[in-house]
1. So residue 136 fits all but one of (1) at pLDDT below 95; (2) out of contact with any Gly (no Cβ under 8 Å at 6 or more places or on another chain); (3) not hydrophobic (A, V, I, L, M, F, W, C); what number is the exception?
2. Check residue 115 against each of (1) part of a loop (DSSP other than H, G, I, E, B); (2) among the polar types (S, T, N, Q); (3) surrounded by 18 or more Cβ atoms within 10 Å (Cβ to Cβ) and name the one condition it does not meet.
3. Restricting to the range 32-53, what's the tally of residues that are in a loop (DSSP other than H, G, I, E, B) and either within 30 Å of residue 241 (Cβ to Cβ) or modelled with pLDDT of 95 or more (or both)?
4. Residues that are farther than 25 Å from residue 294 by Cβ, surrounded by fewer than 15 Cβ atoms within 10 Å (Cβ to Cβ) and touching a Gly at 6+ places or on another chain (Cβ under 8 Å): does the range 44-55 have at least one?
5. Just to confirm my filter: which strands (runs of 3 or more DSSP E) fall fully inside the range 54-96 and include at least 1 residues that are in contact with a helix residue (DSSP H, G or I) (Cβ under 7 Å, 6 or more places away or on another chain)?
6. Is it the case that the range 118-140 has a residue that's in contact (Cβ under 8 Å) with a residue 24 or more places away in the chain, among the small types (Gly, Ala, Ser) and closer than 19 Å to residue 220 by Cα?
7. Looking only at the range 118-134, count how many residues are at positive phi and surrounded by fewer than 16 Cβ atoms within 10 Å (Cβ to Cβ).
8. How about the range 221-264: which of its residues are within 16 Å of ligand 1 (Cβ to nearest atom), over 16 Å from residue 104 (Cβ atoms) and touching a helix residue (DSSP H, G or I) at 6+ places or on another chain (Cβ under 9 Å)?
Amino acid sequence: MPLIDATVIATFSRRMRLRLDDATEVDARIKGKKLKPVCGDRVRAEPINEEDDWLITAIHERQNELSRPNARGDKEVLAANVDQLVVIAAATPKPDWFIVDRYLCAAELMGIAATVVYNKTDLEPKNGIDAALSVYDAIGYQTIKTSARTGDGMDALADLLQQCTAIIVGQSGVGKSTLINQLSDVAGQKTAEISRKHREGRHTTVSSAMIPLPAGGAVIDSPGVRDYAPLLQSPDEAAIGYREISSTGRECRFANCRHLREPGCAVKEAVEGGAIDARRYESYRRALALSERLSRDRY
Ligand SMILES: Nc1nc2c(ncn2[C@@H]2O[C@H](COP(=O)(O)OP(=O)(O)O)[C@@H](O)[C@H]2O)c(=O)[nH]1
Ligand SMILES: [Mg+2]
Ligand SMILES: [Zn+2]
């Protein structure tokens, strides 16, 4: 039996669900300890004699990775080969816009499109939501308001996602899984069902699953990450992750300006004048501090 190319469509710790290129799905284990496939990976696999399981023998080169530092500061990859990031905030739990910013920062570093969704519009309208969303609109991110309960905004979300491989991220409880269930067709529901059974059954570890969409494309329901932070390799990357700061930063007097206390800083000026949102700037400063802490710990 030859080696075959496949896509990882669900992960349960070291067990994987694969979609082979002939569209059949199989369960798989991983050869050796070093290989760490994630949802979205393209892999090499082969059947195992006398077993239903397949064996993953290699991971093909990734187009991109959504990653974060683990407790030791090393890279942990959450998903691979995605072309769109959708970050969800909601009426409940209370939105943490700093978490939204950190996911957007990751999307900028990956070089992929990102959208901000505000879900649960059926609940009591909260003050300040439109103002918070308009900050993202103003810097060129699409924003969509949805209710998985009433269907409000779901067409816009479905349009956005068609033909893409997207990942849906955000705080726990904002409605990621519910939105994906609403968007998916019967085939998708089946995958969702399989992943639910696995999650509740013997494989109780955090898992992620890629659900096909009726109009083409697929969406990854990301694992529960309590407090996401992107992996920033250098302080420069913090600025790259904040698009309005990196574009305004080109006007700073010094090319290596970190936009803190340097003279002739166009970013500080824009924050004082209100052209750059003060909370986004604070978010950038936190990302910068985090990256400096990480690189100090590493060297
Ligand atoms: N009222 C309301 N509740 C929602 C909506 N979307 C999801 N929920 C509820 O929010 C809770 C968390 O949803 P879930 O999809 O598990 O969130 P996840 O942790 O982001 O995957 C569940 O009780 C859902 O029924 C919505 O649009 N409106
Ligand atoms: Mg969920
Ligand atoms: Zn500056």
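1. (1)
2. Of everything listed in (1) part of a loop (DSSP other than H, G, I, E, B); (2) among the polar types (S, T, N, Q); (3) surrounded by 18 or more Cβ atoms within 10 Å (Cβ to Cβ), residue 115 misses just condition (1).
3. Qualifying residue count for the region: 8.
4. No, every residue in the range 44-55 fails to be farther than 25 Å from residue 294 by Cβ, surrounded by fewer than 15 Cβ atoms within 10 Å (Cβ to Cβ) and touching a Gly at 6+ places or on another chain (Cβ under 8 Å).
5. 65-69, 84-90
6. Taking every residue of the range 118-140 in turn, none turns out to be in contact (Cβ under 8 Å) with a residue 24 or more places away in the chain, among the small types (Gly, Ala, Ser) and closer than 19 Å to residue 220 by Cα.
7. Selection size over the range 118-134: 1.
8. In the first step, residues of the range 221-264 are kept if they are within 16 Å of ligand 1 (Cβ to nearest atom); the result is 221-228.
Then drop every residue that is not over 16 Å from residue 104 (Cβ atoms), which leaves 221, 223-224, 226.
Listed by number, the list holds a single entry, 221.
The values are calculated or read from the model by the stated rules, or taken from the named source; none is laboratory data. Keep in mind that this is a model prediction, so the values were computed, not measured. We place every Cβ from the backbone using ideal geometry, glycine too, and count neighbours over all the protein chains shown.
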